[in-house]
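A.B. asks: Below: one structure in structure tokens.
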Amino acid sequence: MLQINLERNEKPDFRSNEAFKQLRTNLIFCGKDIKIIGFTSSIPSEGKSNISFNVAVSLSEIDKKVLFIDADLRRSILIGRYMPDHAVVGLSHYLSGLNSLDEILYESNIPNLDIIFTGPVPPNPAELLGSNTFTGMINNLREEYDYIIIDTPPLGSVIDSVIVAESCDGIVFIIEANAISYKFAQNVKGQLEKSNCKILGAVLNKVDFEQRHYPYYMNKYEKYSKKYYSEE
């Protein structure tokens with residue numbers, strides 16, 4: 001398998017790391033048949049790419065064999081954020097018939113985590129993701145990994161996520177606090193339901209804890225954990 005090194009200059013802080021562990025645990029308890037999990041949001045910049053990637057990393061840390069697929073063919077941020085150490089080919093190359101599956105699978109420097117990048121923006125992303133080639137790829141990879149995490153485009157903008165969801169066992173809906181209306185979120189949820197894919201739950205992201213009623217508990221727990229972890 002091809003090798004790739006990623007830079008992770010901004011690792012999650014304590015609070016974020018605990019949140020990813022909790023999300024990881026919740027996903028595991030969804031059942032052993034929930035192996036292929038998509039992540040979407042309503043609009044760009046709600047944090048779905050960051051959350052989906054860190055969930056993949058968190059699963060890999062408990063010795064699960066994980067594949068992260070960047071299926072946001074229209075606006076990927078993975079390469080810009082984690083800066084692989086050499087040029088890559090990706091999903092759009094494979095779905096267009098330009099490269100084989102072996103040529104787009106990368107073993108990362110994060111143990112147990114493999115990656116498929118997006119590749120260049122194609123003129124027909126929805127058609128590529130809805131093709132038998134994509135469905136067949138997912139079915140084949142299912143046998144190779146404990147979990148496959150798929151980052152998809154925001155559903156409030158394009159329909160790609162619903163198409164990808166049809167190949168998933170479940171999907172997670174990312175919502176940025178105070179960014180969208182309740183009605184808009186309900187409309188996006190309704191679109192997801194049309195895929196007949198199980199909605200595993202929603203993640204409320206970018207919460208301002210200082211403006212909530214529970215910072216005392218969270219801050220005390222964080223200080224407690226830092227104190228005792230530092231003594232080990």
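A.B. asks: Could you list, in sequence order, all residues of the stretch 50-89 that are out of contact with any strand residue (DSSP E or B) (no Cβ under 8 Å at 6 or more places or on another chain), surrounded by fewer than 23 Cβ atoms within 10 Å (Cβ to Cβ) and either among the aliphatic types (A, V, I, L, M) or within 14 Å of T40 (Cβ to Cβ) (or both)?
C.D. replies: Matches in the stretch 50-89: N50, I62, R74, R75, I77, I79, M83, A87, V89.
Each row is one residue, and each column tells you yes or no for (1) of a type in the set (S, T, Y); (2) under 19 Å from R8 (Cβ atoms); (3) modelled with pLDDT of 95 or more.
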position	(1), (2), (3)
K65	no, no, yes
S76	yes, yes, no
M83	no, yes, no
A87	no, no, no
S96	yes, no, yes
N112	no, yes, yes
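A.B. asks: Still on this structure: Based on this model, can you work out whether R24 counts as touching a Ser or Thr at 6+ places or on another chain (Cβ under 6 Å) and either β-branched (V, I, T) or touching a residue at least 24 places away in the same chain (Cβ under 8 Å) (or both)?
C.D. replies: yes
Listed here are the residues, each with its yes/no results for (1) surrounded by fewer than 17 Cβ atoms within 10 Å (Cβ to Cβ); (2) touching a strand residue (DSSP E or B) at 6+ places or on another chain (Cβ under 9 Å); (3) of a type outside the set (A, V, I, L, M, F, W, C).
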residue: S108; (1), (2), (3): no, yes, yes
residue: P111; (1), (2), (3): yes, no, yes
residue: I116; (1), (2), (3): no, yes, no
residue: L128; (1), (2), (3): no, no, no
residue: T135; (1), (2), (3): yes, no, yes
residue: Y147; (1), (2), (3): no, yes, yes
residue: I159; (1), (2), (3): yes, no, no
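A.B. asks: Quick check on my filter: what residues within the stretch 182-200 are exposed (fewer than 14 other Cβ atoms within 10 Å of the Cβ), in contact with a helix residue (DSSP H, G or I) (Cβ under 9 Å, 6 or more places away or on another chain) and on the phi < 0 side of the Ramachandran plot?
C.D. replies: The one that is exposed (fewer than 14 other Cβ atoms within 10 Å of the Cβ), in contact with a helix residue (DSSP H, G or I) (Cβ under 9 Å, 6 or more places away or on another chain) and on the phi < 0 side of the Ramachandran plot: K194.
The values are calculated or read from the model by the stated rules, or taken from the named source; none is laboratory data. Worth saying up front: this structure is predicted, and the values here are computed from it rather than measured. Every residue, glycine as well, gets a Cβ built from its backbone with ideal geometry; the counts of neighbours run over all protein chains shown.
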